[in-house]
Each structure stands twice: as structure tokens, then as C-alpha cells.
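For reference, the structure is listed below as C-alpha cells.
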Amino acid sequence: MLLGVLLAALPFLVDAGLGRTWVRILDFTLLYMMLALGLNIVVGYAGLLDLGYIAFYAVGAYLYALLASPQFGLHLPFWLLLPLGALVAGLFGMLLGAPTLRLRGDYLAIVTLGFGEIVRIFMNNLNAPVNITNGPQGISLIDPISIAGVSLGQTHTFAGIEFSSAHSYYYLFLALTLLVMFVSMRLQDSRIGRAWAAIREDETAAEAMGINTRNVKLLAFAMGASFGGVSGGLFAGFQGFISPESFNLLESIMILCMIVLGGMGNIAGVLLGAFLLTVLPEALRSIGDFQRWYFNRIIVDPADLRMLLFGLALVLMMLFRPQGMIPSAQRRREFKHDDAPQEPAPLYDQQK
Amino acid sequence: MTSRSDGPILLETRGLSKQFGGLAALHAVSLNIHHGEIFGLIGPNGAGKTTLFNCLTGLYTPSAGEVRLDGQRLNGLKPHTVAKQGLARTFQNIRLFSHMSALENVMVGCHVRTKANVLGAIFRNRGTRDEEAAIRSKAHELLKLVGVDKHAHSLAKHLPYGDQRRLEIARALATEPKLLALDEPAAGMNPAERVALIALIQALRATGIAILLIEHDVKLVMGLCDRVAVLDYGEKIAEGAPEAVQRDPKVIEAYLGGSIGGAIGQPA
């Protein structure tokens, strides 16, 4: 209840205390939370290391952009685009997941990394011979999200309270993040969630116990990708402009870092990770202002400092808390009292 | 000992062979396992027992021959389909889901006989809730059956060794098999655990499940099984009641070594 009031009041508090920019940062935090929850299904639940996850964000964003902008003169409504984005991204998840089904561990990571890049490069080059994506210039003038005739791109006044665009988006993103969270929780504690955990633990044994590993893995890819697709569509509508460079490898790695930092497989941990890695880099920007004010010049570029601290944080995490800040119950057990860690037995049938 | 070797055939292999490159790990092995029977498969190290096992359960694709369970062809099927057809297995080197609780391990075994999908998981409708409750209570029952119920909420990897083996059996039973295949279930067990295991296997047979037992421990197999087959160098060299197999000169030769057996058998 208290948390609900706090979440509802948050954009106003932030607006009053830190300014409109920070409300937008809050919006982005929610988008990244959705992305991190989506990747958490693939990596945290099913144990499939996916380094190309941003591709599904891109698919969702481009789908929205192409169907709701002057690019093709299409302006489909949001209530249609949102599920469509989830569906198409989910299909892409299966499409990219299918060829990787036989791969495990590092090999899977490398192939998914390649797929992520392929999607970005496609978006970058689909401007010739037929122009679809405008190539590196990206798509602009994307319709702002509009619900029941109310465009979130403008400022509205309800009951004497002024809701700026950033505020309205905050409430929409919050609602969808809560929905994604709910779905994640329900999935984790279900027959499907157990099958994912079993595959993560020992794929061969899971298969021998009658789990159709192919279908269950594809399902994980599809579910994770659909969350990414939803987030991507929201991003396109919120930002009004997208270009391929928003969807590079570093973004994929950033989202992976969010869930590793926060605690893989644990929803609260994943949310915390997404929050920290979106808000802290922004907060570090002010270090530049501080230096200019105090030393009259920039000694350490904030962008460099950000990467430096980020690297340091990751090293420290790996050293002192490899299970993440709020690990899932299961991961905690994996890292805790690891009395004689049992190596999984070599696969009998690697030549099959 | 009751002989149940005259029931209808449950599992049948015909001319089953498996080549690894130039090596014939299995050569034209034909076996029949009947309903409700405890069938032992023994043989010296490297005789092809585990290879046969993996051919039956879909981990290997046989090079030739066929496997039928209740008349259904099994070879060429994937391991999960084999489990669905009613052949469940345990592993020689325990392969539990070690960071899941004992109960969860067994619940995973129920996967193949249940059907809640993503929508069911999200909306948690009545059907899904009932199914979850059924899975949970069935898992508890199976844990009780194998005697691991006091560890239901411990992590699988923290269970004592003997209990881990028994948990693997419970997990396999959760798939509701017609034939339960145990790969060296007594390996590494102490005498007390071994006695308890024998009692468990007999109790399982009493419920109507047929059991295929691969063992190193000849004594255990001889005391427990209705019929026994002996593999040596990938070929079946004997099959029949334990007492008869035990006296078979070919079996003695395989176990004691060909050269000695041959030297004794030949007139000077």
C-alpha cells in the first residue's frame, strides 16, 4: 500500500527534487526493467546465455516505428501495436532460438551474439534497394503512444494536476512493468518454470525425465523476446526516433550485467540491477559539472569515469558476491556452502 | 522366488547393434522383458551394458535392430518421447537436479504426464491449480514410497548418497513408467543401504512395474531377478533363470577370463 503510494507519487517527487530530465530517466529505468526481466527468463530461469537479446528490443521498436510513423504513412493504434510487438518479437525469439538448440554454454553465447549483430546490421542496411528502415539515419517522427484518444506526447491536466508527457509515460510503463513482473513470477512457479530450472541444472537428465527440451527452450526464448518486443515498442513511441545504433552489442551486455549484478533468477534482484545500472551512470554525469565548478576544467571525463567505475563494480561483484546483490533462493544455494561441488558427469553421447 | 517370466512381453529388442566407428559395442542383442518382471543385465566391465541401456532410452541411436515397448517402436525416438512411452531410467553416475529440492526433483518427473501451459501458468485457473496440487501430493507420495520424505525440502545434493539414488528412482517413477530401468542402483552403497534397496525394488515390482536392472554386483542380481541376461564384448552369451545362468560355462569363462577357462577346459 505504502509502496503503491510511493510509486504513484515518485514522478512528482523526482520532478520537484531533480527536474524533468530525471523523470525521463525514470521512464527509461522502467523500460530497462522490462528488458532485464525478459532476459532473466532466458538466462536466469532456463540458463541459456543469450548475448544478442537487444535484437528483440530492436524488433519491437522497429515494428512500432514502421507501423506508426510517416515512414509508410501507417498510423496503427497502440492497443494493436503492443500485442503485435510482443507476438512478432516472440516469433523472432523462436526463429533465432531454433538454430541454437543443440548448443550449450559458450557456444550458445557466441551464436546469439552473432544474431544480435545480424539484426542490427539488417536494420542498418535495409534502405536499399527498397527503403524500409531508412538505414543508419533511423526513423523519426514516430507517433507518440496514445491511449483512448489521449496522446501521451502532450501535457494534460486531470483534476487540477498537470501531467507532463514524461509523467504519463511513467504510469504506462509502470503498469506494464508490473504486468511483466507478475507474468515472470507466475511462470517461475509453475510446471513450465520447473522445466526451465531442470534444463538449467542438467539438460540430459531433464530430457530423460520426459521434458521436451526443444519446445521448452524455444518457449523460454519466445517469452523473453516478447518482453523485449513490448519494451522496444514503448521505447519507439516514447523517444519518437530510433536508429540502429541504439541496439548495439554493448546494450545487450548492459542488460546482462543488470541481471548478473542484481541477482540472476530473482525478480527483485533483476529490478534492482536494472535500476542501478540506469540511474548511476546518469548520476555520474554530474561529476563533470562538479569538476568544472571545483577545478575549472574537466580532469576525468565522466563518460570514462563511468566505464571505469562500472568495470570496477563488476570485478568487485565477481570477487565478493558472484551470486548477485539479491540472489534467487536457488542461486544462493548454488554459491553458498558449496561442499565439494559436483561436476556434472560427462555426457555419454557427444558424438550423436 | 516367484517367477513372473511367463507374462506378456513388455520390452523386446531384436538384433540390436551399436557401432562406435570400428568398434561394435553391441552386436545383435535380442532380449525379451515381460510385464511385472525383474530382469537383470550383467556382464564384465565394458561388456556393453550401459550402451544397451542408452540405446533403449534414446540417448543413442542403434546402428541396427529394433526396440519395442508394448509393441511400440522406440528406436529413433528422442529420450523425452521414450519417457512418455513408458520407459524411465536412472543414471549410473547420479544426475539429479542438484540445486532443486528433493520434492522439486520429483515434481519435474511429473512434467511428462501433466499439461499446464504458459497461459495456465499466468492465469492460474482452476485446472492448473488442481494439477499443481496433484503434482505436489503425488511427489510427496513417491518420496514416501522410496523413503526420502523426511528430506523433501532439502537440496538434492545435500542428501546422503543412498538417498540420492533413491530420489532418482522416485523421480523416474513420477513419469509413470511401465518399465523402470536402473543403471547400477547399488553402486557405492553400503550393505544396509543395499538391503533397503532390494526391499524397495521388490515393493516396486509388487505394484506391477517391470524393472530392468543393470548391476555389477552379481550376488545382488542373482538374489533379486526373475531372469538374467549376460553380455560380454557386446554379445549376449546367456539368458535365463539366475541359477542356470550362474552355472553356464560361457558365463564363468567371461567372468574368470577366457585363457584360464580355456586352459582348464582343454585336455592336456
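The values are calculated or read from the model by the stated rules, or taken from the named source; none is laboratory data. If you're wondering where the values come from, they're calculated on a predicted model, not measured in any experiment. Positions of Cβ are generated from backbone atoms using ideal geometry, with glycine treated the same way; all protein chains shown enter the neighbour counts.
Tabulated data for the structure shown
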| quantity | calculated |
| --- | --- |
| Residue, nearest to B:K150 (Cα to Cα), within the range B:99-114, restricted to residues that are under 20 Å from the mean Cα position of the chain (by Cα) and within 7 Å of chain A (Cβ to nearest Cβ) | B:M107 |
| Tally, over the range A:121-164, of residues that are of a type in the set (A, V, I, L, M), out of contact with any Leu (no Cβ under 6 Å at 6 or more places or on another chain) and surrounded by 14 or more Cβ atoms within 10 Å (Cβ to Cβ) | 5 |
| Lone unmet requirement of (1) facing another protein chain (nearest Cβ under 10 Å); (2) in a helix (DSSP H, G or I) for B:L96 | (2) |
| Residue within the range A:343-351 that is farther than 19 Å from A:M185 by Cα, under 25 Å from the mean Cα position of the chain (by Cα), at pLDDT below 85 and among the charged types (D, E, K, R) present | no |
| Filter result for the condition that a residue is within 19 Å of A:L26 (Cβ to Cβ) and crowded, with 20+ Cβ neighbours inside 10 Å, over A:L276, A:L256, A:L271 | A:L271 |
| Scope the range B:121-155; condition over 26 Å from A:V180 (Cβ atoms), away from chain A (no Cβ under 14 Å) and in a helix (DSSP H, G or I); matching residues | B:S137, B:H140, B:E141, B:L143, B:K144, B:L145, B:V146, B:D149, B:K150, B:H151 |
| Inter-residue pairs, beta-carbon under 6 Å, first over 16 Å from A:Q71 (Cβ atoms) and in the range A:116-137, second among the aromatic types (F, W, Y), 6+ apart | A:R120/A:F247 |
| Matching residues, the range A:85-109, being free of Cβ contacts under 8 Å to residues at least 60 places away in the same chain and over 13 Å from A:A55 (Cα atoms) | A:P99, A:T100, A:R102, A:L103, A:G105, A:D106, A:Y107 |
| Any hit, the range A:63-74, residues being under 29 Å from A:H167 (Cβ atoms), at pLDDT 90 or above and under 15 Å from the mean Cα position of the chain (by Cα) | no |
| Selected residue (only one of A:I255, A:I242, A:I267 is touching a residue at least 60 places away in the same chain (Cβ under 8 Å), β-branched (V, I, T) and within 23 Å of A:Q71 (Cα to Cα)) | A:I242 |
